[in-house]
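The values are calculated or read from the model by the stated rules, or taken from the named source; none is laboratory data. This is a predicted model, so every value here is computed, not measured. In this analysis, Cβ positions are derived from the backbone assuming ideal geometry, glycine residues included, and neighbour counts consider all displayed protein chains.
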Amino acid sequence: MDDSFSRVYSAQPHVTDGSIITVEVDLARGLNAFNIVGLPDKAVEESRDRVGSALKNSGFTSPKHSNQKTIVSLAPAEVKKEGAFFDLPIALGYLLSSGEISFNPEKKIFVGELALNGELQPIRGVLPLAQLAKEHHYTEIFVPSDNKEEAALVEGITVYGVKTLHDVVNHLNAKKDFTLVVQPITEIVFEEKKHAIDLSDIKGQEHAKRGLEIAAAGGHNVGMYGPPGTGKTMLARAFAKILPRLSRDEILEITGIHSVAGTLDGTVVTESPFRSPHHTSSHVSIIGGGTIPKPGEVTLAHRGVLFLDEFPEFDKRVIESLRQPLEDKIVNISRARGSARFPANFILIAAMNPCPCGYFGSRKKVCICNPSAIQRYQRKVSGPIIDRIDIWLEIEHIDYEKLSDKNLPKGETGEHIGKRVQKTRAVQEKRQGKKNSELSARDLEKITLDDDVKNILNQSAEKLSLSPRSYHRIIKLARTIADLEQSEKIKTPHILEALQYRSKA
């Protein structure tokens, strides 16, 4: 092969997968030129200047200072190339083609953004890149030093953290007596959940606390309605503390999503995400999308909680778009320039007032809304969305005597309830390998109901005019209630409690 040609390997991430990118560099005689081909975006095109300066300031010959034509090809050509992931492999490919260094690039992945002085800057999406490299049987991956702990979450591949271009060149060049340190496997350390609000801090609302415990135990969606200031937001934030601990696979999945999205705080996500977008958020920011599909809040809340406060105030298009993720636990987005399927397995907690002024049906204040305004406000949440929410909780005002009584005993702590939730989830995992909320119609056929339980359910369904979806969700909810009480069978009290959580709308 011609010495003026080289081929090294890189990768770029995606929320659910990624692409191995082959970086080819060819040098030819002619007027000075430096071209990058293969559907590069603006950030990739600008790597010409970053790479040129980084090479010069690292003691090598810059492509701009030689009388030759440099062509960089990023293959496959039909895949859009985005970001600054390819600075390092482009620089190494150029040095390999020019003969300034010599090494075997096979089974090695290089990713990293170069500063003008040759230092490597941190990038997003390193964890999925390391997973992708391992899946494609690469044995080594070179990443910026700030990303090395994240990459080392993946076992079975050698991770090198690189501080400068000069360091990686010396490591690869057999003539140099320098070796980068192999990054040891990053251990996942579970820290105690730190939340400002605990369920025991909320006085009263025992009915709501019971509903939230059931929701956490089975992964059910919750709707809370009531006058302003009754504690809906506090209950939602305290809910995060009672969610069960994530498994290692779930931690890696969530960390990968947030790494690609650029929302990763630290090295690894060990707690279930809690996302609380404002009601003015756009459809794309919540659901995902754009010219080139990007994930939204429903994906960032994957394996965690999506809290939508002032639920009816969200754009109607946003609310209706929740139908697919609430049912299928995924989001399918199709655009002219590409399509994507994003994971969206979250617990929805929707909080709302009963009317625009917030006091319809309140015992404390008189509602000032006219009937048409109340109907218009309540119609913002459609029947199909109401149908997909398993537990509806009315949050009432607490008596002032209870609020001011310092001797009133506190309820159970979130930690204590969380242990019960964890135990219940373990029962479900052992029995069916998934949460009760994820049971399919075929799975429900395996649940045997006694005749008296079945009669109550059917009579109630007839009286309440339940849809088939609601009918099945009642069974799932009753199964969770039975699991919390360590009951092998669904009994009459379980069905009756599940029925009382259905929407009265």
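Listed values, structure above:
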quantity	calculated
Filter result for the condition that a residue is touching a residue at least 60 places away in the same chain (Cβ under 8 Å) and not charged (D, E, K, R), over Leu92, Leu31, Leu39	Leu92
Helices (runs of 4 or more DSSP H) (entirely within the range 411-466) containing at least 2 residues that are surrounded by 15 or more Cβ atoms within 10 Å (Cβ to Cβ) and either assigned by TED's automatic domain parsing to the domain that holds His302 or not aliphatic (A, V, I, L, M) (or both)	414-432
Positions within the range 221-253 being part of a loop (DSSP other than H, G, I, E, B), more than 18 Å from the chain's Cα centre (by Cα) and surrounded by 19 or more Cβ atoms within 10 Å (Cβ to Cβ), in sequence order	Gly226, Pro227, Thr230, Gly231
Selection status of Arg376, loosely packed, with under 15 Cβ neighbours inside 10 Å, modelled with pLDDT of 90 or more, among the basic types (Lys, Arg) and in the same structural domain as Ala240 (by TED's automatic domain parsing)	yes
Check on Thr448, at pLDDT 95 or above and either at negative phi or polar (S, T, N, Q) (or both)	no
Search result, residues across the range 379-410 that are loosely packed, with under 13 Cβ neighbours inside 10 Å and of a type in the set (Lys, Arg)	Arg379, Lys402, Lys406, Lys410
Tally of residues being of a type outside the set (Gly, Ala, Ser), outside any loop (DSSP other than H, G, I, E, B) and more than 26 Å from Glu327 (Cβ to Cβ) across the range 367-393	4
Sole exception among (1) touching a residue at least 12 places away in the same chain (Cβ under 8 Å); (2) part of a helix (DSSP H, G or I); (3) more than 28 Å from Val381 (Cβ to Cβ); (4) not charged (D, E, K, R) for His171, by number	(1)
Verdict on Ala130 being part of a helix (DSSP H, G or I) and either among the basic types (Lys, Arg) or more than 26 Å from Ile20 (Cβ to Cβ) (or both)	no
So Ser362, is it among the small types (Gly, Ala, Ser), surrounded by fewer than 22 Cβ atoms within 10 Å (Cβ to Cβ) and not in a strand (DSSP E or B)	yes
Some residue of the range 180-195 being under 25 Å from Asn353 (Cβ atoms) and in a loop (DSSP other than H, G, I, E, B)	yes
Selection count, the range 254-274, where residues are assigned to a helix (DSSP H, G or I) and polar (S, T, N, Q)	2
Filter pass, Ser362 being in contact with a helix residue (DSSP H, G or I) (Cβ under 7 Å, 6 or more places away or on another chain), of a type in the set (S, T, N, Q) and in contact (Cβ under 8 Å) with a residue 60 or more places away in the chain	no
Hits in the range 343-373 (condition: at pLDDT 90 or above and in contact with a His (Cβ under 8 Å, 6 or more places away or on another chain))	Pro343, Ala344, Asn345, Phe346, Ile347
Failed condition for Arg473, given (1) outside the structural domain of His220 (by TED's automatic domain parsing); (2) charged (D, E, K, R); (3) closer than 20 Å to Asn221 by Cβ; (4) out of contact with any Asp or Glu (no Cβ under 9 Å at 6 or more places or on another chain)	(4)
Residues that are charged (D, E, K, R) and closer than 15 Å to Glu119 by Cα, drawn from the range 157-183	Lys163, Asp167
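Rundown of residues vs (1) farther than 23 Å from Asp399 by Cα; (2) in contact (Cβ under 8 Å) with a residue 12 or more places away in the chain; (3) of a type outside the set (Val, Ile, Thr), yes/no style:
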residue: Gln205; (1), (2), (3): no, yes, yes
residue: Lys209; (1), (2), (3): no, yes, yes
residue: Leu212; (1), (2), (3): no, yes, yes
residue: Ala217; (1), (2), (3): yes, yes, yes
residue: Tyr225; (1), (2), (3): no, yes, yes
residue: Thr233; (1), (2), (3): no, yes, no
residue: Leu243; (1), (2), (3): yes, yes, yes
